[in-house]
Amino acid sequence: MKSYLKLVNFEINRFFKLYLIIMALTVVSQIMGTIIVSKGNMNYINQVIYENQLSVSQYIEENRPFSFQRVVYSEWFTMPIFFCMALLMIYVFFIWYREWFGKNTFIYRLLMLPAERITIYFSKLTAIMLFVLGLITLQIILVPIETFIFNRIVPAEFRTSYPLIDFYSVEIWRWLYPNTIIEFILMYGIGLIVVAIIFTAILLERSYGLKGIFSAVAYSVLSFGILVAPVILSSIYTSYFYPSEILLMELVTSIIVLGSAFWIANQLLKYKIRV
Amino acid sequence: MIEVNNIQKKYGKKQILNGLSFTAKKGEITCLIGVNGVGKTTIMKAIMALTPIDSGEILIDGQKIRHDSFEKITFIPDTTTMLPTMKICDAFEFMADFYKSWNSQRAEDLLRFFKLESTNRIGNLSKGSLAKVNMILGLALDVEYVLMDEPFSGIDIFSREQIAEVFTSHLIEGRGVILTTHEISDVEHLIDRAVLIDDGKVIKQFSVEDIRENEGKSVVDVMREVYR
Amino acid sequence: MSVKFNNRDPVYVQVIRHFKEQIAKGYFEPGQEIPSRRELANQLKINPNTAQRAYKEMEEQGLIFTEGNMPSCITKDELVLKSVREELMMEAVDLFLVSIKSINVPLAEVLDLVQKKYDADNGEVEELT
């Protein structure tokens, strides 16, 4: 347990500088974006009013007020999110491959630590999940701040409200910021399983080389197949299962897939891994 | 005692280890000898479970290797086992953090002996200094067995002499050491046992002093006989 | 103390021989303290096991003795010291005889040469001092 915590701490420290940079980038981009979009819109509106000699209420009759949604849909807002996601996706692979390549053969040291080798796996998995959680938390904190800035720049007449729940219900955001606890557990559970599968696939490649890539792909496809089987089943036999039954089956397949990812990784790290 | 029993290993189509067996006792320095590529490094990695074997078994004090074995046995490979961004003191801290058997005092003593600064970054060290740091990372652990892969390779003669001094000191006494080298002349007078490897097998293992006493031959003489 | 070891004779034998030479030459006084096994190994750059074996042998041969926890010392036994000198002398004589036998010269002639050379060398030494 102690080794696990120390390794998690170690993994977090290794990425921390880059992590702070992308967080800072997100903050800067989104706040600047809020200001620029708000001011931009206001400037446009003021220009229209001036040119056409409208009153405020006249303008509002012709044109709908806009909401914070405009900011949310702008690149300033979405780009950093996609950038962070892409970076983390890359890091899911890099967090392992960095131990073998470069001037680095740190994998020797990790495999020779006086702890169960699966601890290495768990610590990297935990680190990734914590990084994701951190970014989510950052976004959750930023939205009220950005809304506040927006409200300060755009006078009340020109804006409508954009309650947070709407923000979090928009399709794509629904995946990242689920509404209920159950949805949250579901989404992050799936995320965890996906990362676990990728990790085990990486270990397959590291243990078996070229043959390993094939088995890694096969393993991933199989795991994914098992994972979504209940959902597919329920769409074929549409009225056969209760939703709660589907949920239960999903839970079972998730546990099976996650458990096998851990078990295979453990076997590989103990008996098959090569430096 | 480290027992390597009849291990086999294929790499691609090549049979690298073909029923290889030998033993290395505690309190003795055992040297694996063979041409480049014969598999000496592979054997060491196999002992440390850093590479799999196809069959056979490797026992350390009668047990198969487990995670806590790494408080009893350590490996000093030909490459660095720390991050290049780490300073030497960071590396020491890491070791102290994870290993109960880490002896900080000895690490400091060795650092001074090798004339290195704890603020040097691992990535900036010369090959000789890197080898010395590696040596410290291995020897500052209070382990019973130390495996060293080519401790003298590619190092200037003065660094080599420093490292050779380690073998005649209390740092080695009582421990079981397995090393590989192809600079036999550096170690002839230091080792207890020689294990000659060829073609995936051990062709001769003997006590160096006994061969001198009974046959008047040096290790190099025996090698000339055995490797035709 | 530094010794050049060859790789064909057992190192521990060479260590013992070195000690005997030092005793015969008088560099090691009777009863003189000698370095510990570890120190010796370090000084001579040999395996500590070898140093250990050498000491064990020398102890058995009576060349050194160890009292309790004290450091080991050269023997004070005159007989032993005398036999060491004799042993080395005999070795030198044997070596000498083997070499002259191969040249096939009468002993008296050789001994005469030896005496002359010995005096000449000594004379040189005296001139230098």
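The values are calculated or read from the model by the stated rules, or taken from the named source; none is laboratory data. As the structure is a prediction and not an experimental result, all values here were calculated from the model. Please note: Cβ atoms are built from the backbone with ideal geometry, for glycine as well, and neighbour counts cover all protein chains shown.
All conditions but one from (1) assigned to a strand (DSSP E or B); (2) charged (D, E, K, R); (3) over 16 Å from B:Cys31 (Cα atoms) apply to B:Lys204; the one that does not is (3).
Residues are listed down the side, and each one gets a yes or a no for (1) within 30 Å of B:Thr51 (Cα to Cα); (2) surrounded by 12 or more Cβ atoms within 10 Å (Cβ to Cβ); (3) at pLDDT 90 or above; (4) out of contact with any Lys or Arg (no Cβ under 7 Å at 6 or more places or on another chain):
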site	(1), (2), (3), (4)
A:Tyr177	no, yes, no, yes
A:Leu186	no, yes, no, yes
A:Gly189	no, yes, no, yes
A:Lys211	yes, no, no, yes
A:Phe214	yes, yes, yes, yes
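Within segment C:10-33, residues that are more than 15 Å from C:Cys73 (Cβ to Cβ) sit with their Cβ atoms under 6 Å from residues that are basic (Lys, Arg), at 6+ positions apart or across chains, in these pairs: C:Pro10/B:Arg212; C:Tyr12/C:Arg53; C:Ala24/C:Arg85.
Residue by residue, here is whether (1) assigned by TED's automatic domain parsing to the domain that holds A:Val92; (2) within 27 Å of the chain's Cα centre (by Cα); (3) within 18 Å of A:Val132 (Cα to Cα); (4) in contact (Cβ under 8 Å) with a residue 60 or more places away in the chain holds:
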residue: A:Lys2; (1), (2), (3), (4): yes, no, no, no
residue: A:Asn13; (1), (2), (3), (4): yes, yes, yes, no
residue: A:Tyr19; (1), (2), (3), (4): yes, yes, yes, yes
residue: A:Ala24; (1), (2), (3), (4): yes, yes, yes, no
residue: A:Val27; (1), (2), (3), (4): yes, yes, yes, yes
residue: A:Met42; (1), (2), (3), (4): yes, no, no, yes
residue: A:Asn46; (1), (2), (3), (4): yes, no, no, no
residue: A:Ile49; (1), (2), (3), (4): yes, no, no, no
residue: A:Gln53; (1), (2), (3), (4): yes, no, no, no
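Taking segment C:1-104 and the helices (runs of 4 or more DSSP H) fully enclosed by it, the elements with 1 or more residues that are within 14 Å of another protein chain (Cβ to nearest Cβ) and not charged (D, E, K, R) are at C:11-25, C:37-44, C:48-61. If the condition is being of a type in the set (D, E, K, R), crowded, with 21+ Cβ neighbours inside 10 Å and within 20 Å of B:Ser69 (Cβ to Cβ), then segment B:130-177 contributes only B:Asp149. Residues in segment B:11-49 that are within 14 Å of chain C (Cβ to nearest Cβ) and of a type in the set (Lys, Arg): B:Lys25, B:Lys26. Selection of first residues in segment B:152-163 that are polar (S, T, N, Q) and of second residues that are in a loop (DSSP other than H, G, I, E, B) and at pLDDT 85 or above, restricted to Cβ pairs under 7 Å at least 6 apart or on distinct chains, gives the following pairs, ordered by first then second residue: B:Ser153/B:Asp78; B:Gln162/B:Phe114.
Quick check: anything in segment C:8-24 more than 15 Å from C:Glu57 (Cα to Cα) and touching a Phe, Trp or Tyr at 6+ places or on another chain (Cβ under 7 Å)? Checked segment C:8-24: at least one residue is more than 15 Å from C:Glu57 (Cα to Cα) and touching a Phe, Trp or Tyr at 6+ places or on another chain (Cβ under 7 Å). The set of residues in segment B:182-191 that are surrounded by 19 or more Cβ atoms within 10 Å (Cβ to Cβ) and either hydroxyl-bearing (Ser, Thr, Tyr) or in a loop (DSSP other than H, G, I, E, B) (or both) comprises B:Glu188, B:His189, B:Leu190, B:Ile191. Among the residues of segment B:70-128, those identified as in contact (Cβ under 8 Å) with a residue 40 or more places away in the chain, closer than 14 Å to A:Leu113 by Cα, part of a loop (DSSP other than H, G, I, E, B) and touching a helix residue (DSSP H, G or I) at 6+ places or on another chain (Cβ under 7 Å) are B:Thr81, B:Met82, B:Tyr99, B:Ser101. Out of curiosity, is B:Arg212 basic (Lys, Arg), buried (at least 20 other Cβ atoms within 10 Å of the Cβ) and within 14 Å of chain C (Cβ to nearest Cβ)? Yes: the conditions hold for B:Arg212.
Of the residues making up segment A:236-275, those that are more than 27 Å from the chain's Cα centre (by Cα) and not aliphatic (A, V, I, L, M) are A:Tyr237, A:Thr238, A:Ser239, A:Tyr240, A:Phe241, A:Tyr242, A:Glu245, A:Gln267, A:Lys270, A:Tyr271, A:Lys272, A:Arg274. For segment C:46-74, a residue qualifies if it is in contact (Cβ under 8 Å) with a residue 24 or more places away in the chain and more than 14 Å from C:Tyr12 (Cβ to Cβ), and the qualifying residues are C:Pro71, C:Ser72, C:Cys73, C:Ile74. So is B:Pro77 surrounded by 17 or more Cβ atoms within 10 Å (Cβ to Cβ) and either away from chain A (no Cβ under 12 Å) or under 19 Å from the mean Cα position of the chain (by Cα) (or both) or not? In short, yes. For segment B:216-228, the set of residues classified as more than 9 Å from every other protein chain (Cβ to nearest Cβ) and acidic (Asp, Glu) consists of B:Glu225 only.
Remark: A:Phe122 falls outside the filter, which requires a residue to be closer than 30 Å to A:Ile49 by Cα, of a type outside the set (Lys, Arg), in contact with a helix residue (DSSP H, G or I) (Cβ under 8 Å, 6 or more places away or on another chain) and modelled with pLDDT of 90 or more. Against the condition over 30 Å from B:Thr79 (Cα atoms) and in contact (Cβ under 8 Å) with a residue 60 or more places away in the chain, how does A:Gln58 come out, does it pass? Considered against the rule, which asks whether it is over 30 Å from B:Thr79 (Cα atoms) and in contact (Cβ under 8 Å) with a residue 60 or more places away in the chain, A:Gln58 comes out as no. Could you check B:Gly56 against (1) within 28 Å of B:Glu209 (Cα to Cα); (2) crowded, with 16+ Cβ neighbours inside 10 Å and say which number it fails? For B:Gly56, the exception is condition (1). Selection of segment B:54-73 for residues being at pLDDT 95 or above, at the interface with another protein chain (Cβ under 7 Å from one of its Cβ atoms) and out of contact with any Ser or Thr (no Cβ under 7 Å at 6 or more places or on another chain) yields only B:Phe70.
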